[in-house]
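What follows is a short report on a single structure.
The values are calculated or read from the model by the stated rules, or taken from the named source; none is laboratory data. Note that the coordinates shown come from a computational prediction; the quantities given were computed from them, not determined experimentally. Cβ coordinates were reconstructed from backbone atoms using ideal geometry, including for glycine residues, and neighbour counts include every protein chain displayed. Surface areas here come from the heavy atoms of the whole protein model, side chains and all, with no ligands, DNA or RNA. Shrake-Rupley method; radii C 1.70, N 1.55, O 1.52, S 1.80 Å.
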Amino acid sequence: MAAGVAAIFLFALVLHLSLVKEETSHLLERENRAARTLAASMRFPITQVLLYEEIGLVAEAGLLDLYITRLAGNKDMRIAYVMVLGPDGVVLSHSDLTQFHKQLADPLTVTALAAADITLTMVGDPLNGGVIDVAAPLSISSKRFGTLRFGYSLAGMSAEVQALTGKILYISMSAAVLLVFIAFVAARIMTRPIRRLSDALNSVRLGNLDPAPLPERNDELGELHNSYRIMVNRLREEESERKRTQELLVSTEKMATIGTLAAGLAHEVNSPLTGAMHGVQALRKESLPSQKRDQYLKVVGESLENIRRAVSQLLDYSTVHATHLSDCNVGHLVGKTLELLDFQLDRGRIEVANRVPPLTVRADAHKMEQVLVNLVLNAIAAMPSGGKLDIGHIEDGAFLTLSVADTGCGIPEENLDRIFEPFFTTKGTGKGTGLGLAVCKKIVEQHGGRMRVSSRTGEGATFFISLPYTPR
Ligand SMILES: Nc1ncnc2c1ncn2[C@@H]1O[C@H](COP(=O)(O)OP(=O)(O)O)[C@@H](O)[C@H]1O
Ligand SMILES: [Mg+2]
């Protein structure tokens, strides 16, 4: 655009200069013709006067001076100076009286005296106070009486040129401005569709995969639009494929965890079941005093309630739920998770501390429970001969961070970067899937949160889950 504008102005300037130059030379030619005509019309009456003087018909100088004064005084004739020279260069009459009787010998006079016809000489700058010096021989057949010389003023012409220059400048600059405006509008019209496409591409970059409504076109831009649509569609397909894979990973991990939990459940159900069976057997005896009967009934009821609770916890955990954000009480959630894993923790001789207060975050309760179950099961696996599990919290501005710390084997430094990768496990085949932490991280990130770990071999591990949080 800038180059175009510069080119247009340069063109206008060159056009302007060449027009002015051409017009000036036309005008100069016209002025030359006018000066020549004026000389031709003046030379005869003056020759006549000189002839009359020579033959003594009129008094010497009187008529000539009158004539010269009239000529010089007539503004319409544009005469700057006028003189009549004798054959030897003596001034016979002059518009400037001080020149009278002087003998002129300057080069112009010398040429004028020698010339046989009218001669025109440019003196000075035609556009700045210049004159055309005109010399006309005064003669009748071969008899030369003298020479008429006058300066034809070009002041009128330079005024005319100035007016013309202004007009041409005005027109050429208006044309230049108009051209610039047209160029600007055309550029805008041309760049708008490109900008629209670039905006659409930018919004893809920012993660918006809804195709922008770009018009159908038959040109190169239309081809780009088609490529854009194909690209967006492919990205959408890939994105939904990726989501499907992720969901699959989450549910695969969950199935594996349910397997672990179910194995625990069998043990957990066993003892209340035995208790209940004993109770029922005792109740069969008819001679049982009513006080004892009530006691047995209570034992059976409590045992059955324990079994019901264990089974319903596992059922609840195994149900697949669509993601649904709600206000969750994190203290509560941690308590519920620890209850679900009660048997595993007991069997692993693990001392548990839940120090999380009942704070509220916006989260999917089932997904967060899955995260906590994973972390606690990992901690249990890391403490084969018992230990401590401490669940705490840190509030830092816009985040609520839960910490799950164990006193287990810890994680060697070279593995710290890899534990969140899917399928990374140090547990033997059939024992670990390697999906637990990958799924935890995914879930936490879907909540707009972050997950990290701090650990050293032999010194236990602490996992941190930060979730977006608005303190109330
Ligand atoms: N609390 C922990 N202490 C020590 N190592 C851990 C802990 N949690 C996870 N890890 C390490 O991270 C690996 C990956 O864990 P995870 O993704 O849950 O898969 P999995 O439990 O199936 O192995 C584990 O195999 C283990 O080596
Ligand atoms: Mg695990």
(message) Which numbered condition in (1) away from ligand 2 (no atom under 16 Å from the Cβ); (2) at pLDDT 85 or above; (3) in a helix (DSSP H, G or I) is the only one that ILE258 fails?
(response) (1)
(message) For the stretch 212-262, give me the residue count where each residue is more than 24 Å from the chain's Cα centre (by Cα) and either among the hydroxyl-bearing types (Ser, Thr, Tyr) or open to solvent by 80 Å² or more (accessible area, probe 1.4 Å) (or both).
(response) 21
(request) Give the number of residues within the stretch 340-381 that are open to solvent by less than 20 Å² (accessible area, probe 1.4 Å) and under 55 Å from the mean Cα position of the chain (by Cα). (result) 16
(request) Any chance you could count how many residues in the stretch 263-311 are within 16 Å of ARG347 (Cα to Cα) and open to solvent by 40 Å² or more (accessible area, probe 1.4 Å)? (result) 6
(request) Filter the stretch 213-241 for residues that are hydrophobic (A, V, I, L, M, F, W, C) and either in contact (Cβ under 8 Å) with a residue 24 or more places away in the chain or in a helix (DSSP H, G or I) (or both) and give the result. (result) LEU221, LEU224, ILE230, MET231, VAL232, LEU235
(message) Every residue in the stretch 422-459 that is small (Gly, Ala, Ser), under 13 Å from SER403 (Cα atoms) and within 8 Å of ligand 1 (Cβ to nearest atom), please.
(response) SER455
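In the set ASP390, ASP406, which member is more than 16 Å from ligand 2 (Cβ to nearest atom), of a type outside the set (A, V, I, L, M) and open to solvent by less than 60 Å² (accessible area, probe 1.4 Å)?
ASP390 is the lone residue from the list that is more than 16 Å from ligand 2 (Cβ to nearest atom), of a type outside the set (A, V, I, L, M) and open to solvent by less than 60 Å² (accessible area, probe 1.4 Å).
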(message) Exactly one condition in (1) more than 14 Å from ligand 1 (Cβ to nearest atom); (2) in contact with a strand residue (DSSP E or B) (Cβ under 7 Å, 6 or more places away or on another chain); (3) closer than 22 Å to THR260 by Cα is false for GLU369; which is it?
(response) (2)
(message) If ALA398 meets every condition in (1) modelled with pLDDT of 95 or more; (2) within 43 Å of the chain's Cα centre (by Cα) apart from one, which number is that one?
(response) (1)
(request) Would you check which residues across the stretch 104-138 are more than 30 Å from THR24 (Cβ to Cβ) and at pLDDT below 90 and list them? (result) LEU104, ALA105, LEU113, ALA114, ALA116
(message) Among the residues of the stretch 148-158, are any closer than 27 Å to LEU10 by Cβ and of a type in the set (A, V, I, L, M)?
(response) no
(request) Please enumerate the residues belonging to the stretch 312-339 that are among the aliphatic types (A, V, I, L, M) and surrounded by 15 or more Cβ atoms within 10 Å (Cβ to Cβ). (result) LEU314, VAL330, LEU333, VAL334, LEU338
(request) Determine, yes or no, whether GLY397 is of a type outside the set (Phe, Trp, Tyr), closer than 13 Å to GLY460 by Cβ and surrounded by fewer than 23 Cβ atoms within 10 Å (Cβ to Cβ). (result) no
(request) May I ask you to list the residues in the stretch 82-137 that are without any contact (Cβ under 8 Å) to a residue 12 or more places away in the chain and among the charged types (D, E, K, R)? (result) ASP106, ASP125
(message) Quick test of your reading of the structure: PHE423 fulfils all but one of (1) on the phi < 0 side of the Ramachandran plot; (2) within 13 Å of ligand 2 (Cβ to nearest atom); (3) of a type in the set (Phe, Trp, Tyr). Name the failing condition by number.
(response) (1)
(request) Report, by residue number, each residue of the stretch 427-443 that is within 10 Å of ligand 2 (Cβ to nearest atom) and either open to solvent by 70 Å² or more (accessible area, probe 1.4 Å) or not in a loop (DSSP other than H, G, I, E, B) (or both). (result) LYS427, LYS431, GLY436, LEU437, ALA438, VAL439, CYS440
(message) Could you check the stretch 68-81 and list, in sequence order, the residues that are surrounded by fewer than 18 Cβ atoms within 10 Å (Cβ to Cβ) and free of Cβ contacts under 8 Å to residues at least 24 places away in the same chain?
(response) ARG70, GLY73, ASN74, LYS75, ASP76
(message) LEU265 - would you say it is touching a helix residue (DSSP H, G or I) at 6+ places or on another chain (Cβ under 6 Å), within 16 Å of ligand 1 (Cβ to nearest atom) and modelled with pLDDT under 90?
(response) no
(request) Return the residue satisfying two criteria in turn: it lies in the stretch 388-426 and is part of a loop (DSSP other than H, G, I, E, B) and of a type in the set (Ser, Thr, Tyr), and of such residues it is nearest to VAL371 (Cα to Cα). (result) THR425
